[in-house]
1. For the list (1) surrounded by fewer than 17 Cβ atoms within 10 Å (Cβ to Cβ); (2) touching a residue at least 60 places away in the same chain (Cβ under 8 Å), I need the number of the one condition that residue 202 fails.
2. With the requirement that a residue be surrounded by fewer than 17 Cβ atoms within 10 Å (Cβ to Cβ) and closer than 15 Å to residue 92 by Cβ, what does segment 33-49 give you?
3. Against the condition surrounded by 17 or more Cβ atoms within 10 Å (Cβ to Cβ) and either of a type in the set (Val, Ile, Thr) or in contact with an Asp or Glu (Cβ under 6 Å, 6 or more places away or on another chain) (or both), how does residue 90 come out, does it pass?
4. Which residue pairs have Cβ atoms closer than 7 Å, lie 6 or more positions apart in sequence or on different chains, and pair a first residue in segment 76-90 that is aromatic (Phe, Trp, Tyr) with a second residue that is in a loop (DSSP other than H, G, I, E, B)?
5. Which of the residues spanning segment 83-112 are within 12 Å of the chain's Cα centre (by Cα) and among the hydroxyl-bearing types (Ser, Thr, Tyr)?
6. Residues of segment 180-191 being small (Gly, Ala, Ser) and exposed (fewer than 13 other Cβ atoms within 10 Å of the Cβ), which ones?
7. When only residues in segment 181-207 that are at pLDDT 90 or above, more than 30 Å from residue 156 (Cβ to Cβ) and among the aliphatic types (A, V, I, L, M) count, which is farthest from the chain's Cα centre (by Cα)?
8. From the list 107, 131, 125, which one is under 18 Å from residue 248 (Cβ atoms) and not in a helix (DSSP H, G or I)?
Amino acid sequence: MTALTDHTADRRHYGTFLKDNPDERDVVLLKADLLRALRTWLHETGYNEITAPMLCQHRESAPIPQFSTKHPLTGEGFHLKHSAEEHLRRVVTSINRVFDLAPAIRAERADGSHAIEFTMLQTAARDITLAQGLELVAALVQDAVRSTFGNLKTTGADFTTISVRPVDDAIAEALGRSFAPEGAELVAAARSWLDARDLPASSSPWEVMEEFVKQAVEGAVTTPTLLHSFPYELRHNSRVDERTGRAQRFSLIVGGIEICDGGVKLRTSADYRPMVEANMLLREELHGIPVDDGPGEFYADVDRDPADVLTFGLGVERLLAACMGRSVTEVLTFPHH
């Protein structure tokens, strides 16, 4: 199936667009099949579906802006869900494996791989190691692709094999070195790589590393690959392995685009607080959002029964787009609402 070149105006009349373009109607049905396949595999693997709220009283802990709104009758303020991870991280204190498969709303600049509103699978499970998580994600994606398309080799990507690779190897390759640098040397090398290509590199170390990984590391991955064991600077909220100094985090990359990201998470509020406080300061610096009291209810719940918890989030439209060789915009339902 080939992508249509420019049907922006037509797609605003979405029902008519589908009626007049049977191939585009098939995209909607394929997405329904993909959602069904994801749910089926998760249920059969012992996950329970838990619907996280779209309207959240507290900001999520990532250093990002969230859409906000107010109750039209009471004036109460809410933030629109960016990810269900923190809600599921709280529920998994009591229920061992949970997932949310629902819309997410993000303050993104829409392009071929980003959307403001999209469908996201978010999971959380107790007592799963990083190695087990890599196997789990590979099995889920391969089963969903096979169930939806009848084959692991699709128009856009071949999922017959999902490679597994330490991210240090990919970083060293991108920098043309025999091994990946660490700490301040890594940030400096990443900044130089971006500078040499006239890419944004004058911002915070966190932004430098995020942009470097997106452009230099992910952009070079052509076949489905799980990158794992991230350097400390890219740990996010994943636990650092004391033996290796590497964060127990992973990303699934397909055609240069991140489809899924996850890892073994921090255990207690004492672990989370320094990360959340640093993120709030960065959020204030980058987006002018005042520092607040933080997610007190989240802290209380994770401390109720600390455990090793593996979470991952998967963009459904990104996976579908990768399979079909299309952009995310072309596989969104009601792309212009």
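1. (2)
2. 45, 46, 48, 49
3. The answer is yes for residue 90.
4. 78/57
5. 83
6. Answer for segment 180-191, where residues must be small (Gly, Ala, Ser) and exposed (fewer than 13 other Cβ atoms within 10 Å of the Cβ): 183, 184.
7. So the residue we want is 196.
8. When all the criteria are applied, what remains is 125.
The values are calculated or read from the model by the stated rules, or taken from the named source; none is laboratory data. Model, not experiment: these values are computed from the prediction. When we count neighbours, we look across all protein chains shown, and the Cβ atoms used for this are built from the backbone with ideal geometry, even at glycine.
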